[in-house]
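Trainee: Following this message is one structure expressed as C-alpha cells.
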Amino acid sequence: MRIERDLSRLNEPYDVIVVGGGITGVCVAREAAGRGLRTLLVEKGDFGGGTSSATSKYLHGGIRYLETYEFRVVRESLRERRVLGLAAPHLVEQKRFLMPAWRWSKPSTPLIGAGVGLYSVLGFDSNRDAPESLRVPRPHWLSKSKLLAAVPWLDPTELQGAFAYHDTLNVHPERLLLAFLKSAVAFGATALNHMEAVGFVTEPSDGRMGTSTTDITVRGVTVLDTLTGERHEVRGRTVVNAGGPWMDLVLTSLGKSLGVKVNRSKGIHLLTRPIGGRGVVTDTVFARAKSGKHVIVSPWMDRSFIGPTDTPETAAPDDVRVDHTDVELILDTVNSTLAPGFDKITEADIEGTTVGIRPLIVEDGKDSYHTSRRHELYDHGPSGVHHLWSIGGGKWTTGRALGEETVVALLASPALDTVVPRRFDSTHVAAGGAFAWAEDAEPFLREAVRSRARLGLSSEVREHLARLYGTEHERLLDLVEREPSLGARVSDRDGVLDIAAQVVFAITDEGACTLSDILDRRLVIGTVGRVSAAEIACVAAVAAPLFGWDAAARDERVEAELARRAAIEAIWRVPVA
Ligand SMILES: Cc1cc2nc3c(=O)[nH]c(=O)nc-3n(C[C@H](O)[C@H](O)[C@H](O)COP(=O)(O)OP(=O)(O)OC[C@H]3O[C@@H](n4cnc5c(N)ncnc54)[C@H](O)[C@@H]3O)c2cc1C
C-alpha cells in the first residue's frame, strides 16, 4: 500500500484522471480504482492539504442544517457517518455532544429538543453492523446540575440543561484521508502529489453523437511537477475536477465559460489551552452566545479545539489566511459563554489555528451560513466540453457518496462505454491500514500495546502508532527493530508522541515530499500547536538522507519551514487597523 511518487506512471493512459487530492478526489479515485478503472489522481500541493485538513474534525449529519430544512443532506451525512466509521474504527471516536439550552435560546428549548429527536430518527441505521465502540446511544436530556458537572465552565445564568446526542470524531482527518488514499492505491490507483493540473489536453469534437463541431473533447491534462518545474502531458478518457474551492480556477485554462461557480466560505478554528482545565471536560459543547453566534468547543489532544467561523471569502484559496478578526470572532463568542470565575480565553492561550475554504454551491440570496452543504456533479458535455466533470459542494463526511455518484455517472457516459467495471461496494470496504471492517479497534490496540516490548517503546507510543497506522504500525516497529534510534521521540512536548520511524515511513511509504507534508499531514506534531525550531530540525535530520539533502540544504529547508509557520501566525496576531 505504498504511495510512491513514480513519475513513469504519467506515461500510461488512464480511464479517469482526478484533479485534486482532498477527500472528494481521493474518494473518486478509490471508487474508480475499486471498480477496475485505470485511475490517476494529481494534487497540486499535498494530499489533504486543502480544506480537507481544516475541518471541525467531525463525521456528522450536521444537526444545525435541520434549521434550514436540509433533511436530505442530514440523512445522507448520517448514513455516511456510519459508513466511514465502519471503514476505519481505529481513526474515529464516538463523542457526546451537548447542546445547552438557555431561557433565551433561539431556537427555543422545545424546538432544539425536536431537532435532536429528528436527528436521531434520521440516523435510524447508525448502529447497523456497528461494533461496541461505534454504537450511538439514544439522545437524552441532561439536567442543569448534571450539565454543569460535565461542563463546569458553562455560564449557568438562565441555563436550563442540555440535550445530549452523539457524532463521530474524525480524530486526525489528515490520517483518515491518507487511509482512504492508501485504499485507492491498493486497488491500483496512481496518486501523485505536488503535481498541478495546469491545462487540459483537448481536441475538436467530431460532431458525432450529438456533439457540435465547435465543441471540444478532453483527452487528458497537462501537469506541472511543482518540485522540479517539469511539465508532462497525461492521456485520460475522462477527467474529474475535484478542486474543491479551486474548482472554478482549475477550469480557467479552457478559456470557456462553463457556468459553474464556487461560493467560497472561510472557516477557521483555534487550538487553545483546555477550557476548564486539563481532562475536566470530555464532551463536545455547542456554545451559543446571546448574539446568536455559536462555536463548537471540542476536547482534542488535551486542548480545546474551537470553531468554526463561516464568513464569505473573495480571495483565491491559496491566499487565504487566518486574520485577527477571525480570531476575535471566536474568542468573543466562546468567552461570552463562560461562567463567572473562569478566565477568558485570550490570544496568549492560542497554540494554533486552522483555516479552510468551504467549496459551497452558489444559491442566490443566501449567505454562506445558510447555504446548503449539498453537492453537485457537473457534466460539462452540454456546455460543449466533453469527457470533463466538476464537483461542487459537499462535506468531508459525504466524500465517499460523492465518489460513488461520480464514478457511476462516468461509467454511464459514452466516454467509458467500452469499459467493463468490476463489482465494487465502497460502503463495505475497510480503509487502508484498518484492523478490520466494522470491528472494534480496542482488542487490536490492546494487542499492539503488548507486542514487541523488547523495543523499549512506551505503551503510550505503541498505542499512538497503532491508532494512527492500524495494521501498518507493525511496519514502523520493524523500522525500530532494524534501527533502534528510530524509536526516539521527535519532541518532548506534552501530547506529542511521534517518533523518528514515522518520519522515515512518511517518506518511503506515504508520499511525503516536504517538511510540511511530514509535520502537518503524516505525523501529529504539526497539528498540535506551535512547532519549535528544535522539533523541525529533529524531523529534518531524519528526513535529510532520504531526501538526499546535504547539511546546507537541510538547514535551508528548516529555516524556510520555520519562517513559513511564523508568517502564518504573524498575520492573525496583528490587529487590523
Ligand atoms: C472550517 C471548516 C470546518 C469543516 N468541518 C467539517 C466537518 O466537521 N465535517 C465535514 O464533513 N465537513 C466539514 N467541512 C467541509 C469539508 O471540510 C469540505 O467539504 C471538504 O474537505 C472538501 O473537500 P474537497 O476535496 O472538495 O476540497 P479540498 O480538500 O480543498 O481539496 C481540493 C484539492 O484540490 C487541489 N487542487 C486545486 N487545484 C488543483 C490543480 N490545478 N491541480 C491539482 N490539484 C489541485 C487542492 O490543492 C486541494 O488539495 C468543514 C469545512 C471547513 C472550511
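Trainee: Taking a cut-off of 22 Å between Cα atoms, list the lysines near residue 57, but don't count ones fewer than 8 places away on the same chain.
Mentor: Excluding near neighbours in sequence, the set is 95, 182, 266, 293, 395.
Trainee: Let me ask something else about it. Report, in debye and to the nearest 20, how large the dipole of the chain comes out about its Cα centre when Lys and Arg carry +1 and Asp and Glu carry -1 on their Cβ.
Mentor: 1440 debye
Trainee: According to a simple spin-label model (label point 7 Å from Cα along Cα-to-Cβ), what is the distance in nm between residue 233 and residue 367?
Mentor: 4.9 nm
Trainee: Over segment 319-449, what is the relative contact order in whole percent, taking alpha-carbon pairs under 8 Å and six or more residues apart? Don't skip to the answer; put the middle values down first.
Mentor: Details: 84 pairs, mean separation 16.5, N = 131.
Computed over segment 319-449, the figure is 13 percent.
Trainee: Of the options 99, 32, 381, report the single residue whose Cα projects farthest towards the positive end of the charge dipole of the chain (beta-carbon charges: Lys, Arg +1; Asp, Glu -1).
Mentor: 99
Trainee: Taking segment 422-512, which trypsin sites (Lys or Arg not before Pro) meet the DSSP loop condition and have no more than 12 other C-beta atoms within 10 Å?
Mentor: 422, 423
Trainee: Give me a comma-separated list of calculated 3J(HN,Hα) values for segment 480-491, in order, Karplus coefficients 6.51, -1.76, 1.60 applied at θ = phi - 60°, integers in Hz, x for any Gly or Pro.
Mentor: 5, 4, 6, 9, x, 5, 6, x, 6, 5, 8, 7
Trainee: I would also like to ask the following. May I ask for the Kirkwood hydrodynamic radius of segment 1-115, worked out over all distinct Cα pairs and given in angstroms to one decimal?
Mentor: It works out to 17.5 Å.
Trainee: I would also like to ask the following. Straight-line reach from residue 144: which aspartates and glutamates fall under 20 Å, measuring Cα to Cα and dropping same-chain residues less than 8 apart?
Mentor: Within reach: 155, 158, 283.
Trainee: Of all the accessible heavy-atom surface of the chain, with the other protein chains kept in place and a 1.4 Å probe, what percent is carbon and sulfur? Provide the component values of the computation, followed by the final result.
Mentor: Numbers: 12040 of 22930 Å².
About 53 percent, which is the carbon plus sulfur part of the accessible surface.
Trainee: Run the Debye formula on the Cα coordinates of the chain, all scatterers equal and no solvent, and tell me log10 I(q)/I(0) at q = 0.10, 0.13 1/Å.
Mentor: -0.86, -1.48
Trainee: Answer with one residue from 171, 108, 453: the one whose Cα lies farthest towards the positive end of the charge dipole of the chain, charges on Cβ with Lys, Arg +1 and Asp, Glu -1.
Mentor: The Cα lying farthest towards the positive end belongs to 108.
Trainee: Let me ask something else about it. So if I place +1 on the C-beta of Lys and Arg and -1 on the C-beta of Asp and Glu, and nothing else carries charge, what would the dipole magnitude of segment 442-573 be about its Cα centre? I want it in debye, nearest 20.
Mentor: Dipole magnitude for segment 442-573 comes out near 220 debye.
Trainee: Report, in deg cm²/dmol and to the nearest 500, the calculated mean residue ellipticity at 222 nm for the chain, where each DSSP H run with n ≥ 4 adds -39500 (n - 2.57) and the sum is divided by the residue count.
Mentor: Taking each H run of at least 4 residues, the total per residue is -9500 deg cm²/dmol.
Trainee: If you restrict to DSSP beta bridges whose two residues both lie in the chain, what percentage is antiparallel, to the nearest 5?
Mentor: Taking every DSSP beta bridge with both residues in the chain, the antiparallel ones total about 75 percent.
Trainee: What are the extents of the Cα atoms of segment 481-567 along their three principal axes, in Å, largest first?
Mentor: Cα extents, longest axis first: 39, 31, 21 Å.
Trainee: Stretch residue 455-residue 483 to full length: gain in nm at 0.36 nm per residue minus the Cα-Cα span?
Mentor: Fully extending the segment from residue 455 to residue 483 adds 9.1 nm.
Trainee: Work out how much length residue 114 to residue 69 would gain on full extension: take 0.36 nm times their residue separation and subtract the Cα-Cα distance, in nm to one decimal.
Mentor: On the way: separation 45, 0.36 × 45 = 16.20 nm, distance 1.28 nm.
That pair, residue 114 and residue 69, stretches by 14.9 nm at full extension.
Trainee: Please give the per residue accessible area of segment 442-573, computed with a probe of 1.4 Å over protein heavy atoms only, in Å².
Mentor: Here the residues of segment 442-573 average 42 Å² of exposed surface.
Trainee: Add +1 for every Lys or Arg and -1 for every Asp or Glu among the other residues with Cβ under 15 Å from the Cβ of residue 154, and state the total.
Mentor: Local charge sum for residue 154: +3.
Trainee: With a point put 7 Å past each Cα toward its Cβ, work out how far residue 547 is from residue 440 in nm, to one decimal.
Mentor: Going from the residue 547 label point to the residue 440 one covers 4.2 nm.
Trainee: Hey, another quick one. Using the Cα centre of the chain as origin and beta-carbon charges of +1 (Lys, Arg) and -1 (Asp, Glu), tell me which of 487, 185, 160 is placed farthest towards the positive end of the dipole.
Mentor: 160
Trainee: What accessible area per residue, rounded to a whole number of Å², is obtained for segment 24-165 using a probe radius of 1.4 Å?
Mentor: Numbers: 5220 Å² over 142 residues.
For segment 24-165, the per-residue accessible area is 37 Å².
The values are calculated or read from the model by the stated rules, or taken from the named source; none is laboratory data. Please read all numbers here as calculations on a predicted model, not as lab measurements. Ideal geometry is used to build each Cβ from the backbone, glycine not excepted, and the neighbour counts take in all protein chains shown. Ligands, DNA and RNA are stripped out before the accessible areas are found, and what is left, the full protein with its side chains, is counted by its heavy atoms. Shrake-Rupley method; radii C 1.70, N 1.55, O 1.52, S 1.80 Å.
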